[in-house]
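Working notes, structure below.
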């Protein structure tokens with residue numbers, strides 16, 4: 001058995017050894033609980049707007065208190081009414097924060113600072129209503145009839161978000177998903193890096209490469225750690241879908257099966273791209289301490305890709321945002337974001353997938369060569385150029 | 001049979017292997033000796049393709065070594081290396097499976113070796129919790145796990161205590177007796193002389209002596225005479241074609257030519273000292289080594 005069979009054994013070892021680590025299992029559990037909590041908790045804790053405190057002092061028309069409460073109810077806000085004997089008492093209460101507004105003689109509203117427009121509308125409306133009813137009664141008109149005439153038609157609020165067709169809920173879900181993808185690609189990419197450096201610095205690689213080709217070792221490592229990452233991303237996606245269904249949350253419509261499926265696909269593509277580079281660069285380092293400096297440039301590119309994906313927020317329909325979602329280094333983060341925002345066409349996806357697959361193929365060839373040459377090199381850390389120069393035609 | 005055929009490797013200006021030609025035969029222990037930096041490790045790594053030769057080749061049973069064949073060799077590198085945080089038994093089973101064995105046969109082999117080398121109770125422990133000597137045993141099992149036809153061991157005795165050295169040499173002899181080809185490097189020349197049928201002496205990348213040890217000793221043009229005497233150190237001057245190579249209290253080692261007249265020599269020694277014993281012998285491995293490396 002050589003080649004693929006050995007690579008699979010390496011992959012299984014990665015899965016078993018890493019999957020058995022308590023730290024890893026605990027971090028996965030924490031992420032799953034965190035995701036479920038982030039979706040379910042807001043729905044459970046959502047008790048509507050906070051109650052408002054309205055202070056009354058001086059002359060107040062009869063029926064103002066029930067009118068205030070009725071107005072509050074109409075917009076889903078509980079109104080608590082407090083009476084103060086003197087304006088000074090009322091003002092002190094406003095200053096102390098015990099009342100949000102003080103109504104003086106039903107003619108003047110006193111605020112701690114600037115007027116709260118929503119509460120102002122509510123209180124003003126109640127005063128007007130009561131006043132209209134009083135005047136109607138004085139004019140001999142049936143107050144209930146005039147109220148029916150004056151009753152406003154119901155008006156509802158819609159949150160538009162920054163881009164047409166996307167609610168803020170879509171945007172939030174897309175944000176979180178991109179964050180999770182970035183976390184997963186960098187975490188599992190870094191695992192490949194540290195795994196390669198560990199094998200090299202402990203000289204285990206000498207024993208391994210006496211029995212198997214270097215390419216199979218690298219391929220097995222990338223596949224094994226990738227499967228572990230895939231399991232985690234799929235688990236997170238399923239938990240998000242299940243939690244979303246459980247609370248039937250209207251706030252996060254972006255948690256749709258198709259979006260989750262694309263996120264998984266892009267994890268696989270993004271991981272393959274970055275893990276190959278991390279693996280090749282890991283072979284340049286000699287000691288564990290060198291690993292992060294050797295891989296620094298890739299990490300920077302990954303972070304820039306993450307920032308670029310976020311930068312398309314609010315301008316998702318522009319040409320540059322579309323380009324960012326096509327370019328292989330940024331596509332794994334920018335494209336799922338675009339999909340979650342409902343802005344990806346089928347040809348967007350096709351272009352991005354094809355370009356990324358082509359880059360992965362190229363990197364596998366280059367990375368494999370660099371890894372093969374550098375992994376057995378001892379002494380000081382190699383530069384990329386040294387590793388490249390050592391490559392001769394016909395080498396293994 | 002393992003054959004090195006004009007194997008040459010350069011690292012920049014340094015020629016690590018200079019047209020090395022020698023063989024290691026099945027059923028025999030071949031000792032690989034040479035000063036530090038002579039090229040032993042480079043040669044051994046070349047067997048596994050860990051060093052790419054600039055010219056020449058390494059052959060197994062007359063053919064170049066491909067990955068399938070190589071996977072069936074056992075190798076103990078000079079710089080020991082195993083996964084520090086992996087459990088001993090899991091690690092050995094993994095390495096055995098990479099050689100191509102089925103899980104069942106590999107597990108049986110690993111458990112057998114762990115038992116034999118007294119590590120059965122540490123099988124579930126992480127490698128880095130084991131002592132240096134025990135880690136060395138695990139490294140040896142890693143080389144032996146798939147019952148290889150060829151064993152290449154780089155300094156397998158380094159860092160072992162005398163008891164462990166005795167156990168290791170017994171094991172090497174046993175493996176060779178079982179039909180394996182065993183090539184191992186060592187600086188312990190006396191031990192190599194005791195247990196090896198064949199030796200290869202390498203110096204500055206060149207193989208300076210190679211073959212059957214008894215043969216090499218017999219073919220040497222010089223002989224050694226170990227003389228023991230009573231009383232004060234004699235005056236050796238005036239003895240022709242005799243060189244004193246060692247002299248301690250009551251004992252001297254004389255280097256003589258192969259065709260020396262022994263009767264005349266004994267008489268000459270008797271005239272100078274109160275002789276207790278007189279032993280005429282071919283050169284030991286140490287002496288072969290020294291003369292080969294000095295040349």
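Being within 14 Å of chain A (Cβ to nearest Cβ), in contact with a strand residue (DSSP E or B) (Cβ under 7 Å, 6 or more places away or on another chain) and surrounded by fewer than 18 Cβ atoms within 10 Å (Cβ to Cβ) is the filter here; which residues of the range B:123-142 pass it?
B:124, B:126
Right, residue A:102: in contact with a strand residue (DSSP E or B) (Cβ under 8 Å, 6 or more places away or on another chain) and outside any loop (DSSP other than H, G, I, E, B) or not?
Against the criterion (in contact with a strand residue (DSSP E or B) (Cβ under 8 Å, 6 or more places away or on another chain) and outside any loop (DSSP other than H, G, I, E, B)), residue A:102 qualifies.
So which strands (runs of 3 or more DSSP E) are wholly in the range B:110-222 and hold at least 3 residues that are in contact (Cβ under 8 Å) with a residue 40 or more places away in the chain and out of contact with any helix residue (DSSP H, G or I) (no Cβ under 7 Å at 6 or more places or on another chain)?
Numbers: elements: B:150-153, B:181-185, B:198-203, B:206-212.
Here the list reads B:206-212.
Quick one: is residue B:12 within 14 Å of another protein chain (Cβ to nearest Cβ), over 21 Å from the mean Cα position of the chain (by Cα) and surrounded by fewer than 17 Cβ atoms within 10 Å (Cβ to Cβ)? Quick ask: steps written out before the conclusion?
Values: within 14 Å of another protein chain (Cβ to nearest Cβ): yes; over 21 Å from the mean Cα position of the chain (by Cα): yes; surrounded by fewer than 17 Cβ atoms within 10 Å (Cβ to Cβ): yes.
In short, yes.
Conditions tested, residue by residue: (1) outside the structural domain of residue A:94 (by TED's automatic domain parsing); (2) assigned to a loop (DSSP other than H, G, I, E, B); (3) under 30 Å from the mean Cα position of the chain (by Cα).
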{"site": "A:16", "(1), (2), (3)": "yes, no, yes"}
{"site": "A:28", "(1), (2), (3)": "yes, no, yes"}
{"site": "A:76", "(1), (2), (3)": "no, yes, yes"}
{"site": "A:80", "(1), (2), (3)": "no, no, no"}
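Quick one: count up the residues across the range B:80-91 that are more than 28 Å from the chain's Cα centre (by Cα), modelled with pLDDT of 90 or more and more than 7 Å from chain A (Cβ to nearest Cβ). Spell out the reasoning first.
Residues of the range B:80-91 more than 28 Å from the chain's Cα centre (by Cα): B:85-87, B:89-90.
Subsequent filtering for residues that are modelled with pLDDT of 90 or more retains B:86-87, B:89-90.
Filter once more, keeping what is more than 7 Å from chain A (Cβ to nearest Cβ): B:87, B:89-90.
Result for the range B:80-91: 3.
Spot the failing condition for residue B:94; the list is (1) facing chain A (nearest Cβ under 9 Å); (2) outside any loop (DSSP other than H, G, I, E, B); (3) closer than 14 Å to residue B:152 by Cβ, and only one is missed.
Against the list (1) facing chain A (nearest Cβ under 9 Å); (2) outside any loop (DSSP other than H, G, I, E, B); (3) closer than 14 Å to residue B:152 by Cβ, residue B:94 comes up short only on (3).
Please verify whether the range B:277-290 includes one or more residues that are over 20 Å from the mean Cα position of the chain (by Cα), crowded, with 17+ Cβ neighbours inside 10 Å and more than 30 Å from residue B:9 (Cβ to Cβ).
No: zero hits.
With the structure loaded, tell me whether residue B:30 is assigned to a strand (DSSP E or B), at pLDDT below 90, touching a strand residue (DSSP E or B) at 6+ places or on another chain (Cβ under 8 Å) and in the same structural domain as residue B:180 (by TED's automatic domain parsing) or whether it fails that test. Step through it out loud before you land on a result.
On the way: assigned to a strand (DSSP E or B): yes; at pLDDT below 90: no; touching a strand residue (DSSP E or B) at 6+ places or on another chain (Cβ under 8 Å): yes; in the same structural domain as residue B:180 (by TED's automatic domain parsing): yes.
It is false that residue B:30 is assigned to a strand (DSSP E or B), at pLDDT below 90, touching a strand residue (DSSP E or B) at 6+ places or on another chain (Cβ under 8 Å) and in the same structural domain as residue B:180 (by TED's automatic domain parsing).
Considering only residues that are in contact (Cβ under 8 Å) with a residue 60 or more places away in the chain and outside any helix (DSSP H, G or I), look in the range B:43-70 and name the one that is nearest to the other protein chains (Cβ to nearest Cβ). Explain how you work it out, then say what you get.
Going through the range B:43-70, the residues in contact (Cβ under 8 Å) with a residue 60 or more places away in the chain turn out to be B:43-44, B:47-48, B:60-62.
Checking the rest, the ones that are also outside any helix (DSSP H, G or I) come to B:48, B:60-62.
Working: B:48: 4, B:60: 14, B:61: 18, B:62: 21 Å.
The selected residue is B:48.
So is residue A:233 away from chain B (no Cβ under 14 Å), part of a helix (DSSP H, G or I), in contact with a helix residue (DSSP H, G or I) (Cβ under 9 Å, 6 or more places away or on another chain) and within 24 Å of residue A:273 (Cβ to Cβ) or not? Give the steps one after another, and end with the answer.
Working: away from chain B (no Cβ under 14 Å): yes; part of a helix (DSSP H, G or I): yes; in contact with a helix residue (DSSP H, G or I) (Cβ under 9 Å, 6 or more places away or on another chain): yes; within 24 Å of residue A:273 (Cβ to Cβ): yes.
Spelling it out, residue A:233 is indeed away from chain B (no Cβ under 14 Å), part of a helix (DSSP H, G or I), in contact with a helix residue (DSSP H, G or I) (Cβ under 9 Å, 6 or more places away or on another chain) and within 24 Å of residue A:273 (Cβ to Cβ).
For the range A:326-355, name all the residues that are surrounded by 23 or more Cβ atoms within 10 Å (Cβ to Cβ) and either touching a strand residue (DSSP E or B) at 6+ places or on another chain (Cβ under 9 Å) or assigned to a helix (DSSP H, G or I) (or both). Write out each step before concluding.
First, the residues of the range A:326-355 that are surrounded by 23 or more Cβ atoms within 10 Å (Cβ to Cβ): A:330-341, A:352.
Correct list: A:331, A:332, A:333, A:334, A:335, A:336, A:337, A:338, A:339, A:340, A:352.
The values are calculated or read from the model by the stated rules, or taken from the named source; none is laboratory data. Quick caveat, the model's predicted, so the values are computed rather than measured. FYI the Cβ positions are ideal-geometry reconstructions off the backbone, even for glycines, and counts take in every protein chain you see.
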